[in-house]
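The values are calculated or read from the model by the stated rules, or taken from the named source; none is laboratory data. It should be emphasised that the depicted structure is a prediction, and the values quoted were computed from it without experimental measurement. Ideal geometry is used to build each Cβ from the backbone, glycine not excepted, and the neighbour counts take in all protein chains shown.
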Amino acid sequence: MEENLVRKILRSHLVEGEMIPGQEIGIRIDQTLTQDASGTMAFLQFEAMGVDRVRTELSVNYVDHNTLQTGFENADDHRFLQDMASKYGVKFSRPGNGICHQVHLERFGVPGKTLLGADSHTPTGGGLGMLAIGAGGLDVAMAMGGAPFYLTMPKVINVRLHGVLPPWVSAKDVILEVLRRISVKGGIGKILEYSGEGVASLSVPERGTITNMGAETGATSSVFPSDEVTRAFLRAQGREGDWVPLAADPDAEYDEVIDIDLGALVPLVACPHSPDNVRRVDEIGNLPVDQVMIGSCTNSSFVDMMRVAAILKGKAVHPRVSLVIAPGSRQVMTMLAENGALADMVAAGARILELACGPCVGMGQAPPSGGISLRTNNRNFKGRSGTADGQIYLVSPETAAASAIAGELTDPRILDTPPVVEFPEAFSINDNMVIEPECDPSIEVRRGPNIKPLPKRGPMEENITGQVLIKVGDNITTDHIMPAGAKILPLRSNIPAIAEHVFEQVDPEFATRAKKAGGGWIVGGENYGQGSSREHAALAPMYLGVKAVLAKSMARIHRDNLVNFGILPLTFKRSEDYETLEQGDQLEISCATAALKNGERELVVWNVTKGLTYPVLVGLTPRQIKIVLAGGLLNTLN
């Protein structure tokens with residue numbers, strides 16, 4: 001049978017189930033990735049499993065999110081993570097070595113391997129021909145222990161690229177075009193597989209930009225073939241031995257096909273407050289800009305930075321604009337310093353930030369009140385920047401640099417001949433900030449006072465009762481549920497403390513109300529829980545007593561996280577029932593555990609307050625039902 005590339009990789013890693021779309025499968029995971037915002041909880045969960053060391057081919061923990069050390073909390077977490085990594089056999093990328101996805105692409109990714117990361121932008125690895133998937137920390141901890149990763153067999157969308165990009169149009173514009181076409185919901189339950197003659201014109205970092213932001217479509221992953229371009233990149237990284245050729249069979253079948261003429265693309269921009277709110281740069285008009293931020297895991301590669309430096313060289317940042325730049329890795333920063341590009345950026349007035357996620361996760365550099373900020377990030381959700389009324393626009397590095405000089409949103413095509421950046425034959429290689437593990441069970445793990453024990457809940461109650469604690473609309477993100485930023489991210493190791501901030505941006509009284517009510521229900525619209533893989537958006541509500549989430553539809557990772565922490569995810573059978581529910585309504589499902597044990601796929605929710613009943617869909621596999629009934633995944637291991 002002629003197979004696409006996704007099916008080939010899945011088949012070679014399949015350990016459970018059948019590869020039929022909609023059915024659950026289990027796959028072997030070769031590599032895992034954690035970072036400091038997700039890693040502390042993941043390592044606590046791994047520790048609770050009682051496994052003596054990791055069972056993967058490679059596991060790496062990165063410090064790149066919580067690097068702003070305004071108190072002891074982040075530094076304590078970093079020390080804890082280093083001890084845990086050394087004890088259990090995990091490589092440790094120290095603070096200052098760079099952003100996890102950029103560094104992993106450079107130094108550790110291998111075509112054809114599976115990578116599971118506790119970060120939703122793990123699919124960046126698809127630029128190398130990996131099947132790289134984002135998941136909650138508990139799923140990653142299980143994979144570190146040698147367990148399969150379970151997912152619903154996805155459909156595969158073939159995105160066929162034709163031609164070559166015109167001057168001043170870049171990979172960021174390609175993925176913005178994909179988002180414009182299919183939206184932030186169009187990839188749910190699917191994987192995007194890129195093909196066509198246009199693929200050969202894109203470097204691995206450019207492919208990584210595209211696969212990185214495939215996460216914004218809701219896709220499980222995105223993947224490019226492994227070809228001679230991939231080989232050249234790995235050779236330049238001193239890793240040509242990791243290369244293998246990978247591609248779909250000539251007559252492979254797909255569930256959907258999207259054709260994109262690269263030559264017809266123009267500079268695009270995602271307007272506030274969603275990555276799919278995409279327009280042409282040239283149709284927006286003169287939009288004054290307060291801030292420009294270039295970097296993040298999406299656009300911080302050597303090629304990106306060199307193009308930015310070339311645009312800025314000999315120019316000056318507009319007096320109205322604050323320009324901040326964060327190269328993605330120490331490798332990139334070193335090469336920029338050695339070839340003079342860094343000096344060109346600084347001379348133009350750029351502020352050079354730490355090699356970290358930084359502003360993308362609200363960790364510093366918040367724009368002014370109501371300020372307009374152009375960013376090369378992957379997300380522009382409301383409030384994510386740290387400024388509640390900040391207006392965040394997502395653009396390419398070329399558009400960002402041109403706009404920083406002009407002081408307003410600028411189509412880079414008005415500039416002179418675009419800079420030609422030669423892809424290096426050899427990158428600067430220095431891995432001395434990656435600490436090799438000792439794999440010594442006697443290592444004493446140092447735990448700061450902010451690192452609290454892992455919370456659990458008991459088995460699911462026979463009758464699920466409680467009030468609607470909050471009702472929210474469509475496309476509620478994990479940033480809405482569990483905000484990030486410099487104030488809250490340091491609390492990731494302390495669930496009682498971070499739980500006080502659940503839904504803080506939507507309703508500051510939510511946590512108080514949930515505790516007073518003894519828990520209850522959350523009601524949501526379409527695509528509930530989109531965005532980050534942060535399991536804290538399920539773990540903290542669990543701590544507050546949330547028993548069930550009833551929504552029109554849910555994002556994959558968040559739904560899995562709800563299951564992992566014993567919260568029952570349900571969807572409306574009749575979407576119009578959503579309109580009749582209000583905050584404060586008392587809901588009940590009678591004999592819920594018995595119904596789930598009997599394998600019933602539809603339950604009835606009784607609105608006690610209004611005397612209404614709603615048929616709702618369960619949509620869980622037998623494995624997931626077992627987890628929910630036990631009150632969470634860790635409870636099933638005892």
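What the table shows:
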item	result
Lone qualifier among THR114, THR152, THR124 - being on the phi < 0 side of the Ramachandran plot, surrounded by fewer than 21 Cβ atoms within 10 Å (Cβ to Cβ) and polar (S, T, N, Q)	THR152
Answer from GLY134, GLY126, GLY146 - the residue that is over 18 Å from VAL110 (Cα atoms) and not hydrophobic (A, V, I, L, M, F, W, C)	GLY146
Residue check for MET305: buried (at least 24 other Cβ atoms within 10 Å of the Cβ), under 24 Å from GLY125 (Cα atoms) and in contact with a Lys or Arg (Cβ under 7 Å, 6 or more places away or on another chain)	no
Only listed residue being touching a helix residue (DSSP H, G or I) at 6+ places or on another chain (Cβ under 6 Å), hydrophobic (A, V, I, L, M, F, W, C) and assigned by TED's automatic domain parsing to the domain that holds GLY238, chosen from VAL103, VAL54, VAL90	VAL54
Filtered residue count, the range 359-379, keeping only those that are touching a residue at least 60 places away in the same chain (Cβ under 8 Å) and either out of contact with any Gly (no Cβ under 9 Å at 6 or more places or on another chain) or on the phi > 0 side of the Ramachandran plot (or both)	5
Count of the range 261-291 residues which are assigned to a strand (DSSP E or B) and among the hydrophobic types (A, V, I, L, M, F, W, C)	4
VAL292 being crowded, with 21+ Cβ neighbours inside 10 Å, under 29 Å from GLY349 (Cα atoms), of a type in the set (A, V, I, L, M) and in contact (Cβ under 8 Å) with a residue 60 or more places away in the chain	yes
Residues that are assigned to a strand (DSSP E or B) and either surrounded by 13 or more Cβ atoms within 10 Å (Cβ to Cβ) or modelled with pLDDT under 95 (or both), drawn from the range 250-260	GLU256, ILE258, ILE260
Some residue of the range 316-324 being of a type in the set (Lys, Arg), in contact (Cβ under 8 Å) with a residue 24 or more places away in the chain and either surrounded by 23 or more Cβ atoms within 10 Å (Cβ to Cβ) or closer than 25 Å to VAL169 by Cα (or both)	no
Count - residues of the range 598-638 that are assigned to a helix (DSSP H, G or I), surrounded by 13 or more Cβ atoms within 10 Å (Cβ to Cβ) and in contact (Cβ under 8 Å) with a residue 12 or more places away in the chain	10
Every residue from the range 452-465 that is crowded, with 20+ Cβ neighbours inside 10 Å and touching a Phe, Trp or Tyr at 6+ places or on another chain (Cβ under 7 Å)	none
Pairs where the first residue, in the range 427-440, is farther than 14 Å from ASN97 by Cβ and the second is among the hydroxyl-bearing types (Ser, Thr, Tyr) and outside any strand (DSSP E or B), C-beta under 6 Å, 6+ apart	PRO437/SER86; GLU438/SER86
Some residue of the range 238-249 being assigned to a helix (DSSP H, G or I) and surrounded by fewer than 18 Cβ atoms within 10 Å (Cβ to Cβ)	yes
So ARG7, is it closer than 18 Å to GLY448 by Cα, among the basic types (Lys, Arg) and more than 22 Å from the chain's Cα centre (by Cα)	no
Options MET460, MET482; residue that is within 24 Å of the chain's Cα centre (by Cα), hydrophobic (A, V, I, L, M, F, W, C) and within 30 Å of TRP606 (Cβ to Cβ)	MET482
Long-range neighbours under 7 Å by Cβ, at least six apart or interchain, first residue surrounded by fewer than 20 Cβ atoms within 10 Å (Cβ to Cβ) within the range 389-414, second among the hydroxyl-bearing types (Ser, Thr, Tyr)	ASP389/SER369
Any helices (runs of 4 or more DSSP H) falling wholly within the range 1-91 and containing at least 2 residues that are at pLDDT below 95	36-49, 72-88
Any chance GLY17 is touching a Phe, Trp or Tyr at 6+ places or on another chain (Cβ under 7 Å), within 29 Å of LYS155 (Cβ to Cβ) and of a type in the set (Gly, Ala, Ser)	no
Residue within the range 441-463 that is at positive phi, in contact with a helix residue (DSSP H, G or I) (Cβ under 8 Å, 6 or more places away or on another chain) and not assigned by TED's automatic domain parsing to the domain that holds ALA538 present	no
Candidate set from the range 467-476 (those that are modelled with pLDDT of 95 or more and crowded, with 21+ Cβ neighbours inside 10 Å); member that is nearest to ASN74 (Cα to Cα)	ILE476
Residue match in the range 226-236 (condition: of a type in the set (Phe, Trp, Tyr), out of contact with any strand residue (DSSP E or B) (no Cβ under 6 Å at 6 or more places or on another chain) and on the phi < 0 side of the Ramachandran plot)	yes
ALA348 in contact (Cβ under 8 Å) with a residue 12 or more places away in the chain, closer than 27 Å to VAL63 by Cα and surrounded by fewer than 24 Cβ atoms within 10 Å (Cβ to Cβ)	no
Selection count where residues are surrounded by 24 or more Cβ atoms within 10 Å (Cβ to Cβ) and in contact with a Gly (Cβ under 9 Å, 6 or more places away or on another chain), scope the range 521-535	7
Neighbours by Cβ (under 7 Å, 6+ apart or cross-chain): first from the range 71-97, surrounded by fewer than 18 Cβ atoms within 10 Å (Cβ to Cβ); second in a helix (DSSP H, G or I)	GLY71/PRO490; GLY96/ARG330
Whichever residue in the range 155-194 is among the basic types (Lys, Arg) and surrounded by fewer than 23 Cβ atoms within 10 Å (Cβ to Cβ) and, among such residues, is nearest to the chain's Cα centre (by Cα)	LYS185
Scope the range 575-597; condition exposed (fewer than 14 other Cβ atoms within 10 Å of the Cβ), closer than 20 Å to LEU629 by Cβ and of a type in the set (Gly, Ala, Ser); matching residues	ALA594
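For every residue, the table says whether it meets (1) in contact with a His (Cβ under 8 Å, 6 or more places away or on another chain); (2) in contact (Cβ under 8 Å) with a residue 24 or more places away in the chain; (3) over 30 Å from ASP560 (Cβ atoms); (4) among the hydroxyl-bearing types (Ser, Thr, Tyr).
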{"residue": "MET142", "(1), (2), (3), (4)": "no, yes, no, no"}
{"residue": "TYR150", "(1), (2), (3), (4)": "no, yes, no, yes"}
{"residue": "VAL159", "(1), (2), (3), (4)": "no, yes, no, no"}
{"residue": "ILE175", "(1), (2), (3), (4)": "no, yes, no, no"}
{"residue": "ARG180", "(1), (2), (3), (4)": "no, yes, no, no"}
{"residue": "GLU193", "(1), (2), (3), (4)": "no, yes, no, no"}
{"residue": "ILE210", "(1), (2), (3), (4)": "no, yes, no, no"}
{"residue": "PRO225", "(1), (2), (3), (4)": "no, yes, no, no"}
{"residue": "GLY241", "(1), (2), (3), (4)": "no, no, yes, no"}
